[in-house]
Amino acid sequence: MNASTVTPIGAPVRRKEDKRFITGKGRYTDDLSRPGQAHAYFLRSPYAHARIRTIDTAAAAEMPGVVGVLTGRDLAQDGLGGLICGWMINSKDGSPMRAGAHPALAVDTVRYVGDHVAVVIAETLNLAKDAAAALAVEYEVLPAVPDLAVAQAQGAAQIHEAAPNNTVFEWELGDRAAVEAAFAQAAHVTEIDIVNNRLAPNPMEPRAAIGEYDAGDEAYTLWTTSQNPHVARLVLSAFVGLAPENKLRVIAPDVGGGFGSKIFIYAEETVCAWAAKKVGRPVKWTCERGEAFLCDAHGRDHVTKGRLALDAQGKILGFQVKTIANMGAYLSTFASCVPTYLYATLLSGQYAIPAIYCEVDAVYTNTAPVDAYRGAGRPEATFLVERIVDKAARELGIDPAEMRRRNFITAFPHQTPVIMCYDAGDYAASLDKALEMADYAGFPARRAEAERRGKLRGIGLSNYIEACGIAPSAAVGSLGAGVGLWESAEVRVNPTGNVEVLTGSHSHGQGHETTFAQLVSARLGIPIDQVTVIHGDTDKVQFGMGTYGSRSGAVGMSAIVKALDKVEAKAKKIAAHILEASEGDIEFKDGRFSVAGTDRGLAFAEVALNAYVAHKFPTSEIEPGLKEGAFYDPTNFTFPAGCHVCELEVDPETGTTEIVNWIAVDDFGTVINPMIVEGQVHGGIAQGVGQALMERVAYDGEGQLVTGSYMDYQMPRAEDFPAFKVGMTETRCPSNPLGMKGCGEAGAIAAPPAVINALADALGTQDISMPATPAKVWAIAQARVTRQAAE
Amino acid sequence: MYAFDYRRPSALDEVVSLLGGLEEPKLLAGGQTLLPTLKQRLAQPGTLVDLAGIPGLADIAAEGGGVRIGAMATHARVATSDVVRAAIPALAELAAVIGDPAVRNRGTIGGSVANNDPTADYPAACLALGAMIVTTARRIPADEFFAGLFETALGEDEVIVAIEFPRPELAAYRKFRNPASRYAMAGVFVARTGEGVRVAVTGAGQSGVFRWGAAEAALTDDFTAAALESVPLDASDLMSDLHGGADYRAQLVKVMAKRAVEAAAR
């Protein structure tokens, strides 16, 4: 092989998997059918809070085509446990979080609209729906508490007996006394109130599951839309008690997006697997979009008060935060870590802040569970930090860019007051490049020109930082995580020299089949199409932790690098025997093992063949074969950071906001495939702008979901955006072998404050909540006209 | 979706007799509203009577200076019809911004008008242009046709055959889309004829499409956007929901009306 057939790191090579996807050859869970499969339909609670007096299944069971009707009592009778939350958070007083039970099917109480009451399994979905209409459920409707702001109030209805005042925990991080001292000497204090709006994740592919039970092997198989099939198997086995791990195979085939919502172990998937044995048939369920709005874990939903202490020059002295985080009606799989360790640990932003203190109350409400959604805690932190810094700049009359510059962290490593130790970065470099790309200096002229057209133009910055590459196992263990967050890989070299990579990461849109193959191609000097990436099947792949938190590059690929190191080391031993040279004299370069200083050498494929033929080396010293596995546990988080600039125009007549320019300058460390990375940035910005301008899950006072379809829940569309201008700066991550940081969530983290800061600039007020819909913006613009008229 | 029977007659009299004889029949005229409704089990018709097999029902022809558009003409055909574009370009432009390409290629003018969704576009054109709704039984002026939310003057066994639009001197349609659904949140069709100006508003009214009398009077005197500046619109008759209050819709109606006048006068 010569180097020209190799795909090097940094090449914007097209995605290998796209041919399959865009020609309709992808195989998603709903594309699969099992012989004899029946279809599940879940009867869901129409009430936000109710006691179930009786469920009469007799009439439904007699309906045509019905295979089974199962309730929470059947689950309990079979000894299955409830769904779990895998991260223990302790309150300030040291007491453990107060979690209520979370049965997969309700036993005596339903706690949100969409909560699972019963499952009907029938020959077709239509027949299952017909039968579900014949289920007689007698409810005693209870007062509901859908509103986060009053959930802890005296007299509010209690959702779980285990959690008095609907409070799961009252947690804190940081040094309260130091922050109070900082405020005591502050020349200026900036305060902000923020509602971080609740979002629905909306992956293009809804969730789906097929459960199957093989009575001969006494083993289950679950095909499901999972970002982490091994974790799903572990939870279903060790906590739900469905089956021993070795009797449960979880397969996540092609998965069409997750954004976090497919990390979690949900009721429907659990029930499909369990019911397969119960009814003796494979059981299939595919979520309808309306069900996804009701039951997929939502994201965000914080109410926050922030206070920033500053000196007269705009240097930040201290930061105090109080947040109430909505958990919904049950604690989802990782719900508790999102508003705590994934949130408060990022409150230092890109700034040297001497003292930070944050309190977080997590509360139950009669709404769908809330868990990680693209960014998970870090968008909430970034929104707060970047909004309050911007507001402070305007209050002090300092240019927002200059304000940021005065407070940047410039020396690394930097220990923040909130656990994180930033390892590398150059925040001024991102800011400078972004301001130049945005022609920041030319903005006043553009604003004046827009004003002549009757438009209000604004520009906004967002200097975000996030913690990715989660995470060092011992560190997260000390913070309450129930699992380690390493990753695994196995590199199997075949006798003919091509390669399979088995990764514990899971691709559901990220392009791992390309990026990971690119890494192997570059390292082994073989063409990228000779590398196949295998993931998502617990029977094929060794235990892995899956994909979320922008970890697949920094952690997943580091595991592959470790395995490749071992492959190369063993191949060198074999080459040394064949070439009759000492192992230390063997060099490996451009896919060729050669004896240093000679023209003698072997191609990678020749060594691979010899490894399996095993004629030419002593198998007492070197085992035949060429296959190596590795587990990689990171030593630190990684810290992607950057600067986004949003420039927009408001039509004061209609309140419409048009984004006219978007600059993204990101430092992701080493970039393997810039095309894929740019795609991640684009998608993230779109979702972030969705949060800022469009998206909001709304419940009414009775806890009914108001935004239950795309008729009322606004998603971002291509026409809502200009062409993004994406730039990069690079500081390598020092803690992993490739120097990678992670790129999957950056856009969604950076974008919301950039938009709202730009709107604040355009409208001349800081009082703008998300989503800044046209109606809301129009009202603000009207008030501005009235104000100006009064002046 | 519940089970239903399906018929595809080849003549209008057959349709009428099916409507009279079947249990719970429902006309299928493109199905862009009906099929999603069926999929969500929000309707349970006994038989769908598909109008797609009737010859000539999608024809578009110039007639008396205006145009006659067959009930089964899709939005895409109206949008691209040379006949419509020559006679009433504003109507073709309206058809071109209904829904999305999939909707425009399946949805029909007859289906839209018969459904009378309060956020649909065509009712505004019918009302502002003074269209005539031609049915299997009679000719119904648009002013007498639209009867509130999803209600029309159509009888049980009556089928829309065509819609006749007279040609205006000037006309234009402007709409503000609901940010989520992209249906009209305020759609205003303005048309000037020898008899005066008509202004029809869709998307905003609590009772569906309506004529804005005060604006018509003002524009008949002075066909300029400025003439609308101080024209009142009673917000208490307008819808209020998650996407905006009645006062916001009143503002949108006024802005869209002004923009329509500017476009028509251009």
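The values are calculated or read from the model by the stated rules, or taken from the named source; none is laboratory data. These numbers come from a predicted model, not from an experiment. Here Cβ is always computed from backbone atoms with ideal geometry, including for glycine, and neighbour counts include all displayed protein chains. Surface accessibility is based on the protein's heavy atoms, side chains included, excluding ligands, DNA and RNA. Shrake-Rupley method; radii C 1.70, N 1.55, O 1.52, S 1.80 Å.
Among the candidates A:D78, A:D56, the residue that is of a type in the set (D, E, K, R), in contact with a helix residue (DSSP H, G or I) (Cβ under 8 Å, 6 or more places away or on another chain), under 30 Å from A:T365 (Cα atoms) and at pLDDT 95 or above is uniquely A:D78.
For the range A:167-200, the set of residues classified as polar (S, T, N, Q) and closer than 29 Å to A:I749 by Cβ consists of A:T167, A:T190, A:N196, A:N197, listed by residue number. The single condition among (1) under 25 Å from A:A772 (Cβ atoms); (2) open to solvent by less than 30 Å² (accessible area, probe 1.4 Å); (3) not in a helix (DSSP H, G or I) that A:G690 does not satisfy is (3). Here A:V755, A:V785 are screened, and the one residue that is part of a helix (DSSP H, G or I) and more than 24 Å from A:A376 (Cα to Cα) is A:V785.
Of all residues in the range A:581-640, those satisfying the criterion of being touching a Cys at 6+ places or on another chain (Cβ under 9 Å), open to solvent by less than 20 Å² (accessible area, probe 1.4 Å) and not β-branched (V, I, T) are A:F639, A:P640. Can you say whether A:Q158 is modelled with pLDDT of 95 or more, open to solvent by 70 Å² or more (accessible area, probe 1.4 Å) and not assigned by TED's automatic domain parsing to the domain that holds A:P282, as far as the supplied structure shows? Yes. Restricting A:A128, A:A144 to residues that are in a loop (DSSP other than H, G, I, E, B) and open to solvent by less than 40 Å² (accessible area, probe 1.4 Å) narrows the list to A:A144. Entry remark, the range A:552-583: residues being without any contact (Cβ under 8 Å) to a residue 12 or more places away in the chain, assigned to a helix (DSSP H, G or I) and more than 30 Å from A:H512 (Cα to Cα) number 2 in total.
Of the strands (runs of 3 or more DSSP E) contained entirely in the range A:614-668, those carrying at least 3 residues that are touching a helix residue (DSSP H, G or I) at 6+ places or on another chain (Cβ under 6 Å) and hydrophobic (A, V, I, L, M, F, W, C) fall at A:641-651, A:656-667. Among the residues of this structure, B:P179 does not count as one that is outside any helix (DSSP H, G or I) and surrounded by fewer than 18 Cβ atoms within 10 Å (Cβ to Cβ).
Looking across A:A760, A:A750, one residue alone is crowded, with 16+ Cβ neighbours inside 10 Å, more than 22 Å from the chain's Cα centre (by Cα) and more than 14 Å from chain B (Cβ to nearest Cβ). It is A:A760.
Checking A:L105 against (1) in contact with an Asp or Glu (Cβ under 9 Å, 6 or more places away or on another chain); (2) within 25 Å of A:S332 (Cβ to Cβ); (3) part of a strand (DSSP E or B), only one condition comes out false. Which one? Of the numbered conditions (1) in contact with an Asp or Glu (Cβ under 9 Å, 6 or more places away or on another chain); (2) within 25 Å of A:S332 (Cβ to Cβ); (3) part of a strand (DSSP E or B), the odd one out for A:L105 is (3).
The residue of the range A:710-735 that is nearest to A:V697 (Cα to Cα), among those that are open to solvent by 50 Å² or more (accessible area, probe 1.4 Å), away from every other protein chain (no Cβ under 14 Å) and part of a loop (DSSP other than H, G, I, E, B), is A:A723.
The residue list A:D193, A:D217 contains one member that is part of a loop (DSSP other than H, G, I, E, B) and either open to solvent by 10 Å² or more (accessible area, probe 1.4 Å) or out of contact with any helix residue (DSSP H, G or I) (no Cβ under 9 Å at 6 or more places or on another chain) (or both), which is A:D217.
Within the range B:200-257, restricting attention to residues that are open to solvent by less than 30 Å² (accessible area, probe 1.4 Å) and among the charged types (D, E, K, R), the residue that is farthest from the other protein chains (Cβ to nearest Cβ) is B:E216. State whether the residues of the range A:768-776 include one that is open to solvent by 50 Å² or more (accessible area, probe 1.4 Å), at pLDDT below 95 and closer than 27 Å to A:D712 by Cβ. Scanning the range A:768-776, I find no residue that is open to solvent by 50 Å² or more (accessible area, probe 1.4 Å), at pLDDT below 95 and closer than 27 Å to A:D712 by Cβ, so the answer is no.
Taking the range A:408-514 and the strands (runs of 3 or more DSSP E) fully enclosed by it, the elements with 1 or more residues that are over 30 Å from A:D18 (Cβ atoms) and either open to solvent by less than 10 Å² (accessible area, probe 1.4 Å) or of a type in the set (S, T, N, Q) (or both) are at A:456-465.
In summary, strands (runs of 3 or more DSSP E) completely within the range A:1-99 and bearing 2 or more residues that are in contact with a Lys or Arg (Cβ under 8 Å, 6 or more places away or on another chain) and touching a residue at least 24 places away in the same chain (Cβ under 8 Å) occur at A:38-44, A:66-71.
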